[in-house]
Amino acid sequence: MTVSMVLLDPTSERSPVARALTARPPSLRGLAVALLDISKPRGNVLLDRIAELLQAQGVTVNRYRKPTFTRPAPTALRQQIAAENQLVIEGLAD
């Protein structure tokens with residue numbers, strides 16, 4: 001089953017681009033998962049709990065933090081996350 005959705009870039013996208021969702025892996029075991037804290041208050045609390053749950057299942061968890069929630073993650077950080085992980089969970093909180 002192919003699912004397609006429209007994602008809007010809140011920074012400056014003038015016309016939406018249709019993107020297909022990436023297929024979910026059958027299991028997280030053996031994968032590295034990035035937990036990205038966007039630097040909003042208490043986002044780390046949510047990600048701490050997610051890290052506990054993933055690590056209990058044998059998943060490798062790598063933690064990252066954006067310098068500020070008001071801007072996209074720096075290119076170097078995005079490249080590092082992509083190079084070191086197969087999945088990303090971004091923690092939003094307030």
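The values are calculated or read from the model by the stated rules, or taken from the named source; none is laboratory data. Fair warning: this is a prediction, and the values are worked out from it, not measured in the lab. So basically every Cβ, Gly included, is an ideal-geometry build from the backbone, and we count neighbours across all protein chains shown. Ligands, DNA and RNA are excluded from the accessible area calculation, which covers all protein heavy atoms including side chains. Shrake-Rupley method; radii C 1.70, N 1.55, O 1.52, S 1.80 Å.
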In the chain, what percentage of the DSSP-assigned beta bridges are antiparallel, given to the nearest 5? 25
For the chain, size of Cβ-based charge dipole, Lys and Arg +1, Asp and Glu -1, in debye: 60
Spelling out what I want: for every residue of region 19-25, take phi, set θ = phi - 60°, compute 6.51 cos²θ - 1.76 cosθ + 1.60 (Karplus), and round to whole Hz; glycine and proline get x. 10, 7, 5, 6, 4, 6, x
Pairs of Cα atoms under 8 Å, at least six residues apart: use those to get the relative contact order of the chain, whole percent. 34
For region 14-87, with the dipole built from +1 on Lys and Arg beta-carbon atoms and -1 on Asp and Glu ones, taken about the Cα centre, which of L53, P74, L36 lies farthest toward the positive end? P74
Along its principal axes, what span do the Cα atoms of the chain show, with the longest given first and each in whole Å? 42, 36, 25
Portion, in percent, of the accessible area of the chain that falls on carbon or sulfur, probe 1.4 Å: 55
When the helices in the chain are scored as -39500 (n - 2.57) per DSSP H run of 4 or longer and the sum is shared across all residues, what 222 nm value do you end up with, to the nearest 500 deg cm²/dmol? -8000 deg cm²/dmol
Placed amide H near R63: partners under 5 Å, 5+ positions off or other chain: L35
Enumerate the amide H contacts of E90 below 5 Å, restricted to partners 5 or more residues apart or on another chain; note that Pro and chain-start residues carry no placed amide H. L36
Each residue of region 65-76 in turn: what ³J(HN,Hα) in whole Hz from Karplus with 6.51, -1.76, 1.60 and θ = phi - 60°, glycine and Pro shown as x? 9, 6, x, 7, 7, 7, 9, x, 4, x, 3, 4
What's the ranking of 76-89, 19-32, 37-50 by average number of surrounding C-beta atoms within 10 Å, highest first? 37-50, 76-89, 19-32
HN-Hα couplings for region 31-45 via Karplus (6.51, -1.76, 1.60; θ = phi - 60°), in whole Hz with x for Gly/Pro, come out as 9, 9, 10, 8, 10, 9, 8, 8, 6, 8, x, 6, x, 5, 5
